[in-house]
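The structure appears right after this line, and notes come after that.
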Amino acid sequence: MAELTLVEAVNQALAYEMAADENVVVLGEDVGVNGGVFRATAGLQERFGAERVIDTPLAETLIGGVAVGMAAQGLRPVAEIQFMGFIYPALDQMLSHASRLRTRTRGRLTCPMVLRAPYGGGIHAPEHHSESTEAIFAHVPGLRVVVPSSPSRAYGLLLAALRDPDPVVFLEPKRVYRLMKQEVLDDGEALPLDVCFVARAGQDVTLVSWGAMLHETLEAAEQLEAQGVNAEVLDVATLKPLDMRTILDSVSRTTRCVIVHEAARSGGLGAEIAAGLAEQGLMSLMAPVQRVTGYDTVIPLSRLESHYMPSVTRIVNAVKRALEFA
Amino acid sequence: MTKTTDSQIVARFEIEHTRYLDEQGQPCGELPEVAGNADLLRDAYRTMVLTRRYDGKALNLQRTGQIGTYGSSLGQEAVGIGFASAMTARDVLAPTYREFSAQLWRGVSITELLLYWGGDERGSDYSGPREDFPICVPIATHCCHAVGAAYAMKLRGEERAVVCVLGDGASSKGDFYESLNAAGVWHLPVVFIVINNQWAISVPRKRQSAAQTLAQKAIAGGIPGEQVDGNDFLAVHDRTAAALSKARAGGGAHLIEALTYRMGDHTTADDASRYRDAAEVEAHRADDPIARLRTFLEGRGLWDAQAEEALLKDCDQRIDKALEEYLATPPQPVEVLFDYLYAELPEALAEQRQQLLRESGDG
């Protein structure tokens, strides 16, 4: 079994499914000869040809829309947007078409496409390269929004996304691309979509996170363990549709909840989770739900970035506030 | 003056304009092959007339509240029937919202058109052309879909093509340029038909673009562009047929700008008299695409008053029958809101679906 980084796991899942299903095509800027700016598609064009691993013109609306047209014709396109900061021209296609094609034709045409993009901050990238705007997509009915947090999750969730009969926005935490290695068996086994994973079992407090922030959240849980606090950590993984049931089950046992995401706070997915807890889990809660998030500011350039990103300390402090509430 | 730099012309282009019949329906010169296909010409004429009768009926239905906001295609019938009759059943149409004529030709039923404009999604579940795209409302966004579908056809080695229809306003959008550009780079079997009806709601053609023709926009994408008289069925059919044959045979993409005129308001929610001179509209009334083809057919002994009378009767019967079907279509159950959102309803939405049933029941 090979030890893989997250970006290598993405590559392995793409290669597996391209070999298994001739309808899978990869398209995007620099995905072909260059293998993608992060190397996520490295070697694919060599192996599967330039007709199936397509270097597109530099045009993000086109990338999203071409994938919709391909999917309507029975292909399974995997479109890459180079950075989430450049995804917005394709948002029109995802919102106006990909998410609605099945509904508006009563199932006559469907849109089994995946839109991949590296997202999130913390790698000292240039301007417009650190956005974390997953909530924009998670607001759209008809889309799935999936975020892996580790190499093995990336492999299994991407395979599931590639086989899903509906459009999936697959956001890859680029800070984790090469942060860690895991043994990932190339067995073609997909992980389930639409469910939260329990990343760490515990009884005292539920920490909810996804993507890169799961790592700070797990580290906070370790620090809290040393202080006698046993935290449960949930990896949301599929942000849309949201598996509130697993979150509610966990909170019904722990009675306290801290939500961690690096996106700006207002209207972020944490607000949806907190609202779900207020609606359906209020009687379980012994303390107000805490949110540890990016601020409602423009994400700063690299020198101030660490002040914007939720830190382990901020998470630990939020957990203490939740625990101290009597 | 002394030349100080080594300058030379590195690119040139020309835009050809084709018409075979003049405004009076008289041949301008040598006619194309289709002019000899009496059956096709009669079918085309019949469907143009059916379109116009349907269009008039639909406007009345809107005024009496039996369908919603509606955009007439009055005056543009030759364009739609011209390109649609050049397509095969296996080709795919990516239409916008004024292409009833082409949709009728391709087997979309009048009942389905009424359902769509009457606010029922089942109107886009076409019983005829199963692979055609539904009407695209956000302007020019479907140009990218046409490129993607054409890519799929080329990848599979199929002898098929996509026809993407857009308006003069749509030719100002980035989606259109991105699509032309990619269709050129990838050498795809897609034909763009720009229906230049001179008005994008209230904005006239000359305020849409300073370009001399809209056809020349194709040149920048590396694909040929040409103009046709969009009120001349023979020209639209002949030039589209040539473009489609070339595209299906691997010859790449093409663009045709069809010049016509929007005789009606943009939609029933619009009042063109606020921004458009009535004299301009009247001047165009003399150039009617249906009358033009009829004159030509009559001149060749392919049509007469008796045939016309029978046709009008037949059209009205078909429309009345479709209207009956439309009005008798049972309503959709409310839970259908959820039933086509995903292939399978995610568990997370089961509660909302129940809530809808409960609350609609209460209502």
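Building the convex hull from the alpha-carbon atoms of the stretch B:123-257 and averaging its projection over directions returns 8.4 nm². A simple rule links phi to the HN-Hα coupling: the Karplus curve 6.51 cos²θ - 1.76 cosθ + 1.60 with θ = phi - 60°, which for the stretch A:142-150 gives x, 9, 10, 10, 10, 10, x, 10, 8 Hz, with x for Gly and Pro.
Charging the Cβ of each Asp and Glu at -1 and of each Lys and Arg at +1, and nothing else, the dipole of chain B about its Cα centre rounds to 780 debye.
Per-residue mean of foreign Cβ neighbours for B:178-185 is 4 (Cβ atoms of other chains, 10 Å radius). Using a Gaussian network model of chain B in which every pair of alpha carbons under 10 angstrom is joined by a spring, one finds that among B:Pro289, B:Pro95, B:Pro27 the greatest mean-square fluctuation is at B:Pro27. At a Förster radius of 41 Å, what calculated FRET efficiency corresponds to the Cβ-Cβ distance of B:Ala286 and B:Glu159, to the nearest 0.05? According to the calculation, E is roughly 0.50. Computed over protein heavy atoms with a 1.4 angstrom probe, the accessible surface ordering of B:Asp339, B:Asp91, largest first, is B:Asp339, B:Asp91.
Between B:Gly222, B:Gly82, B:Gly167, where does the largest GNM mean-square fluctuation fall for chain B, given springs only between Cα atoms within less than 10 Å? For chain B, modelled as a Gaussian network with Cα springs under 10 Å, the answer is B:Gly222.
When chain B is treated as a Gaussian network with alpha carbon springs shorter than 10 Å, the biggest mean-square fluctuation among B:Gln26, B:Gln352, B:Gln62 belongs to B:Gln352. Summarising the strand pairing of the stretch A:197-324, around 20 percent of its internal DSSP beta bridges are antiparallel. The Cα trace of the stretch B:232-363 gives Rg and Dmax of 24.6, 67 Å, the first to one decimal, the second as a whole number.
The angle between the Cα long axis of helix A:244-254 and the longest principal axis of the Cα atoms of chain A comes to about 20 degrees, rounded to the nearest 10. Against chain A, whose longest principal axis is taken from its Cα atoms, helix A:60-72 shows a tilt of about 70°.
Within the protein assembly as shown, what whole-number % of the accessible surface is contributed by carbon and sulfur, with the 1.4 Å probe and all protein chains included in the calculation? Of all accessible area on the protein assembly as shown, carbon and sulfur atoms account for 50 percent. For the stretch A:197-324, the average shadow cast by the Cα convex hull is 7.3 nm², which is a quarter of the hull's surface. Normalised by 2.2 N^0.38 Å, where N is the number of residues, the C-alpha radius of gyration of the protein assembly as shown stands at 1.09.
Using just its DSSP H runs of length 4 or more, each adding -39500 (n - 2.57), the protein assembly as shown gives a mean residue ellipticity at 222 nm of -12000 deg cm²/dmol after division by all residues. Bridges between two residues of the stretch A:2-184, per DSSP, are antiparallel at a rate of about 15%.
Taking the Cα centre of the stretch B:102-156 as origin and assigning +1 to Lys and Arg Cβ atoms and -1 to Asp and Glu Cβ atoms, the resulting dipole is close to 300 debye.
Per residue, the convex hull spanned by the alpha carbons of chain A comes to 126 Å³.
If you sort the three axes of the alpha carbon gyration tensor as a ≥ b ≥ c, you get a/c under 1.5 for the stretch A:112-223, which makes it rounded. Among rounded, prolate and oblate, which fits chain B when a ≥ b ≥ c are the square roots of the eigenvalues of its C-alpha gyration tensor, a/c under 1.5 means rounded, and a/b larger than b/c means prolate? Verdict is oblate for chain B. Rounded to 0.05, the FRET efficiency of the A:Ala201 and B:Asp339 pair, given R0 = 35 Å and the Cβ-Cβ distance, is 0.40. What is the antiparallel percent of DSSP beta bridges lying wholly in the protein assembly as shown, to the nearest 5? Counting only bridges with both partners in the protein assembly as shown, antiparallel ones make up about 15 percent. Between the listed residues A:Cys257, A:Val33, B:Ala343, the Cα displaced farthest toward the positive end of the dipole of the protein assembly as shown, a dipole computed from Cβ unit charges relative to the Cα centre, is found at A:Cys257.
The distance from the alpha carbon centre of the stretch B:1-56 to that of the stretch B:139-193 is 21 Å, rounded to a whole number.
A convex hull fitted to the Cα coordinates of the stretch A:2-184 yields 100 cubic angstrom per residue. Charge dipole of the stretch B:1-84 (Cα centre as origin; +1 on each Lys and Arg Cβ, -1 on each Asp and Glu Cβ, all else neutral): 500 debye, rounded to the nearest 20.
For the stretch B:337-352 and the stretch A:61-104, what is the separation of their C-alpha centers, rounded to whole Å? Each part reduced to its Cα centre gives a spacing of 21 Å.
What separates the Cα centres of the stretch B:66-122 and the stretch A:134-156 is a distance of 37 Å. Estimated at 0.36 nm per residue, the fully extended path between A:Asn230 and A:Phe325 surpasses their Cα-Cα distance by 32.5 nm.
Between A:Leu185 and A:Ala20, residue separation times 0.36 nm minus the direct Cα-Cα distance comes to 57.8 nm. Relative to the longest principal axis of chain A, what angle (0 to 90°, nearest 10) does the C-alpha long axis of helix A:151-163 take? That works out to roughly 50 degrees. Look at the stretch B:342-353: the mean tally of other chain Cβ atoms within 10 Å of its residues' Cβ atoms is 5. Mean per-residue shielding of peptide B:139-147 is 6, counting Cβ atoms of other chains within 10 Å of each Cβ. Label sites at B:Leu357 and A:Leu301, each approximated as a point 7 angstrom past Cα along Cα to Cβ, lie 5.7 nm apart. In this assembly, the B-A interface accounts for approximately 3500 Å² of buried accessible surface in total, computed with a 1.4 Å probe and without ligands, DNA or RNA.
The values are calculated or read from the model by the stated rules, or taken from the named source; none is laboratory data. Fair warning: this is a prediction, and the values are worked out from it, not measured in the lab. Neighbour counts run over all protein chains shown; Cβ positions are idealised from the backbone, glycine included. Please note that ligands, DNA and RNA were not included when accessible areas were found on the heavy atoms of the full protein model with its side chains. Shrake-Rupley method; radii C 1.70, N 1.55, O 1.52, S 1.80 Å.
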